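The values are calculated or read from the model by the stated rules, or taken from the named source; none is laboratory data. Just so it is clear, the structure is predicted and the values come from calculations on it, not from any experiment. Here the Cβ positions follow ideal geometry from the backbone for every residue, glycine too, while neighbour counts run over all protein chains shown. Please note that ligands, DNA and RNA were not included when accessible areas were found on the heavy atoms of the full protein model with its side chains. Shrake-Rupley method; radii C 1.70, N 1.55, O 1.52, S 1.80 Å.
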Amino acid sequence: MPKLLILSTGGALTIRRALGARDDQPFTLRSDLTITIEEFANLPGSHLTPQQIFALSQRIQNLRDGFDGILVTTGSDTLEETAFLIDLLLPEGPPIVITGLPRLSSSGSPETNGLLAAITVAAAPSAANLGVLVVADGAIYAAAAVQMQFSQGVGMITAPTGFLGRVEGDQVYIRLQPLNRQWIAAPRLVEPVDLIRIGQGADDRQLRHSIADNVAGIVIETFGSGRVPPWWLPAIGEAIQRRIPVVAVSRAGVGGMGDEFGYVGAYHDLRKLGVIFATDLSGIKARLKLMAALAVARSPAELRALFQERKDS
């Protein structure tokens with residue numbers, strides 16, 4: 001009989017109540033599936049840290065051989081980051097699925113539809129070797145692509161590239177494969193990495209504070225496809241001269257980097273300074289990726305190569 005592990009970062013008791021489990025012992029949810037629930041942490045999503053998610057990824061890797069699938073339930077506040085980081089740190093293998101904690105209905109009882117859909121995917125052989133998957137509102141997404149588009153409720157999670165498949169009843173239909181998935185076998189995460197978002201007319205005080213603090217790396221959410229106000233260029237150049245890696249992403253959260261504009265502060269100026277460009281990554285994801293990449297890159301060239309756009313043959 002297939003065995004499924006549910007790892008909870010918060011609300012394990014709610015999950016047990018939702019599934020009718022009375023204790024920590026394995027139980028049978030349906031005739032063809034045995035489930036074990038383990039509480040990894042008991043924290044809301046907003047309290048989780050990258051180091052805790054790194055430890056969670058190690059826990060998953062250590063347990064993978066003993067289960068046919070693993071489901072992680074976590075708070076929605078940082079679900080996007082949790083899913084991305086676990087996907088980045090782990091190789092392909094048996095299904096790993098991330099979903100939000102069960103919401104409470106108006107009567108106070110936990111809603112089970114989303115949880116049951118995620119269990120169905122985690123137990124499906126067709127979900128293996130696809131990297132980490134996120135299940136929300138019956139849709140199946142690649143973890144690297146998910147974004148939070150609403151603060152709460154139905155439709156909170158989406159992906160610019162669309163979903164890979166859907167759950168319909170007890171059937172899993174996966175119609176697409178994740179593209180350009182990347183695995184970084186990082187032995188640790190390097191911190192601190194600061195994330196700075198540029199707004200119209202913003203000065204460079206936050207950037208200069210990061211330089212003064214000698215942080216491990218800096219991610220800047222730039223305008224468009226890689227543009228900053230001209231008064232930011234000296235500080236960016238100073239950071240790079242001090243060997244602090246600077247990664248630029250678009251504050252749009254998705255899309256390519258690079259343009260043909262010739263004015264001061266455009267893409268060509270950042271490229272000359274030695275900025276690393278991250279295509280199709282939001283700032284919060286690029287920050288996590290830089291933490292992992294710094295742990296394995298032995299030179300600036302290797303670090304840059306980890307952020308180069310990957311193309312399927």
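Remark: the Cα gyration tensor places region 5-79 in the oblate category, a/c being 1.5 or greater and a/b not exceeding b/c.
Quick one: pull the percent of accessible area on region 197-306 belonging to carbon and sulfur, 1.4 Å probe, ligands and nucleic acids left out. Present the calculation step by step, with values, prior to reporting the outcome.
On the way: 2570 of 5120 Å².
For region 197-306, the apolar C and S fraction of the accessible surface comes to 50 percent.
Does region 47-187 classify as rounded, prolate or oblate by the C-alpha gyration tensor (a ≥ b ≥ c root eigenvalues; a/c under 1.5 gives rounded; else a/b over b/c gives prolate, otherwise oblate)? In terms of gyration-tensor shape, rounded. The Cα trace of the chain gives Rg and Dmax of 20.6, 66 Å, the first to one decimal, the second as a whole number.
In percent, rounded to a whole number, the relative contact order of region 93-208 is 20, using alpha-carbon pairs under 8 Å and six or more apart. Could you state the number of Å between the C-alpha centres of region 177-201 and region 250-302? After rounding, the separation between the Cα centres reads 10 Å.
For region 168-313, the spread of Cα positions along the three principal axes, ordered from largest to smallest, is 56, 35, 30 Å.
Can you show me the helix-derived [θ] at 222 nm for the chain, built from DSSP H runs with n ≥ 4 at -39,500 (n - 2.57) apiece and divided by the number of residues, rounded to the nearest 500.
Calculated from helices alone, the mean residue ellipticity at 222 nm is -8000 deg cm²/dmol.
Taking Cα pairs under 8 Å and at least six residues apart, what relative contact order does the chain come out at, in percent?
Values: 643 pairs, mean separation 40.4, N = 313.
Over the chain, the number comes to 13 percent.
Using the Stokes-Einstein relation with a Kirkwood hydrodynamic radius computed over Cα pairs, the translational diffusion coefficient of region 246-313 at 25 °C and a viscosity of 0.890 mPa s comes to 193 µm²/s. Per residue, the solvent-accessible area of the chain (1.4 Å probe, heavy atoms of protein chains only, all protein chains present) comes to 47 Å².
In region 178-313, taking the dipole from charged Cβ atoms about the Cα centre, the farthest positive-side position among Ser225, Val249, His268 is held by Val249. For Arg227, Arg30, the ranking by accessible surface with the largest value first comes to Arg30, Arg227, using a 1.4 Å probe. Note down the relative contact order for region 214-313 as a percent, whole number, built from C-alpha pairs under 8 angstrom at least six residues apart. Reported relative contact order: 29 percent.
So if I place +1 on the C-beta of Lys and Arg and -1 on the C-beta of Asp and Glu, and nothing else carries charge, what would the dipole magnitude of the chain be about its Cα centre? I want it in debye, nearest 20. Don't jump to the answer; show the numbers that get you there.
Details: 28 positive and 30 negative charges, 86 e Å.
The dipole of the chain has a size of about 420 debye.
Expressed as a whole percent, the accessible area of region 1-63 that falls on carbon and sulfur atoms is 47 (1.4 Å probe).
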